[in-house]
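A.B. asks: Below are the structure tokens for one structure; questions will follow.
The values are calculated or read from the model by the stated rules, or taken from the named source; none is laboratory data. From a predicted model like this one, the values you see are computed outputs, not experimental measurements. Reconstructed Cβ throughout: ideal geometry from the backbone, glycine too, with neighbour counts over all protein chains shown.
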Amino acid sequence: MESSALSLLELRILVLTLGEAHHAGWWKSQFLSPVGSSFLERIYPRSTFASAVRSACRAARSVHDANVGKGTVFHLFRLPRQTEREIETALAARSEELETRYQPLTTDREALLEVLEVMAGKSPAPPLVGPVRLSVGLKELAPAMAAAYLQAFRDGTQVFPYFEVDKVSV
């Protein structure tokens, strides 16, 4: 499951950065921008990047919850408890590595989209808008979400992919 949690965490970082106010503006936060990092560095000098990811995630979670709801449905920013624990463990353990990889990309929209495209792989990405239910297996979850987000960021639309626990074993 470590690999799955890490894939979801990396997808989360990409979507968080692209969805923030300095890119697509899906949510109002700017924690993953240079300005946000500078602010957080004063408060959390040893865990700036991880703190930025956690803070931006709260903003994205509320926007996604408002669009897909809570309860038996899950989305990239509200996953089943065990998966959330695994993502948090991966963030704590690999924060420096993830910061080195993604921090330089935070202002480069095209580079972020290229990484998202690689993550999407060959997953089909028809134009999707708004809440979209995914019916895929766990192995296809991150690529399917990546493809949906990639298409939306490229088209200038918003998409909120979600899944139901009984449909995907997470």
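A.B. asks: Test each condition in (1) assigned to a helix (DSSP H, G or I); (2) more than 13 Å from the chain's Cα centre (by Cα); (3) surrounded by fewer than 19 Cβ atoms within 10 Å (Cβ to Cβ); (4) free of Cβ contacts under 8 Å to residues at least 24 places away in the same chain for Ser4 and report the one that comes out false.
C.D. replies: So Ser4 meets the others, but not (4).
A.B. asks: Can you confirm whether Ala111 is part of a helix (DSSP H, G or I), at negative phi, in contact with a helix residue (DSSP H, G or I) (Cβ under 9 Å, 6 or more places away or on another chain) and surrounded by fewer than 18 Cβ atoms within 10 Å (Cβ to Cβ)? Steps first, answer last, please.
C.D. replies: Values: part of a helix (DSSP H, G or I): yes; at negative phi: yes; in contact with a helix residue (DSSP H, G or I) (Cβ under 9 Å, 6 or more places away or on another chain): yes; surrounded by fewer than 18 Cβ atoms within 10 Å (Cβ to Cβ): yes.
Here the answer is yes, as Ala111 does meet what is asked.
A.B. asks: Also, I was wondering about something else. Does region 75-87 contain at least one residue that is exposed (fewer than 13 other Cβ atoms within 10 Å of the Cβ) and among the basic types (Lys, Arg)?
C.D. replies: Looking for residues that are exposed (fewer than 13 other Cβ atoms within 10 Å of the Cβ) and among the basic types (Lys, Arg), one finds at least one in region 75-87, hence yes.
A.B. asks: Here's another thing I want to ask about it. Check Val68 against each of (1) touching a Pro at 6+ places or on another chain (Cβ under 8 Å); (2) at pLDDT 95 or above and name the one condition it does not meet.
C.D. replies: With (1) touching a Pro at 6+ places or on another chain (Cβ under 8 Å); (2) at pLDDT 95 or above applied to Val68, the lone miss is (2).
A.B. asks: If you don't mind, there's one more thing I want to ask. Collect the residues in region 48-82 that are among the aromatic types (Phe, Trp, Tyr) and in a helix (DSSP H, G or I), keeping them in residue-number order.
C.D. replies: Scanning region 48-82 gives a single hit, Phe49.
A.B. asks: Search region 7-40 for residues being in contact with an Asp or Glu (Cβ under 7 Å, 6 or more places away or on another chain) and hydroxyl-bearing (Ser, Thr, Tyr), and hand back the single one that is surrounded by the most Cβ atoms within 10 Å (Cβ to Cβ).
C.D. replies: Among those that are in contact with an Asp or Glu (Cβ under 7 Å, 6 or more places away or on another chain) and hydroxyl-bearing (Ser, Thr, Tyr), it is Ser29.
A.B. asks: Please work out if Ala90 is in a helix (DSSP H, G or I), over 13 Å from the mean Cα position of the chain (by Cα), farther than 18 Å from Gly36 by Cα and touching a residue at least 24 places away in the same chain (Cβ under 8 Å).
C.D. replies: Working: in a helix (DSSP H, G or I): yes; over 13 Å from the mean Cα position of the chain (by Cα): yes; farther than 18 Å from Gly36 by Cα: yes; touching a residue at least 24 places away in the same chain (Cβ under 8 Å): yes.
Here the answer is yes, as Ala90 does meet what is asked.
A.B. asks: Given the conditions (1) of a type outside the set (A, V, I, L, M); (2) under 16 Å from the mean Cα position of the chain (by Cα); (3) surrounded by 15 or more Cβ atoms within 10 Å (Cβ to Cβ), and given that Ser62 satisfies all but one, which numbered condition is not satisfied?
C.D. replies: Among (1) of a type outside the set (A, V, I, L, M); (2) under 16 Å from the mean Cα position of the chain (by Cα); (3) surrounded by 15 or more Cβ atoms within 10 Å (Cβ to Cβ), the lone unmet condition for Ser62 is (3).
A.B. asks: Using beta carbons and a limit of 9 Å, which pairs, at least six apart or on different chains, have the first residue in region 29-47 and part of a helix (DSSP H, G or I) and the second one buried (at least 18 other Cβ atoms within 10 Å of the Cβ) and aliphatic (A, V, I, L, M)?
C.D. replies: Gly36/Ala52; Gly36/Ala56; Ser37/Ala52; Leu40/Ala52
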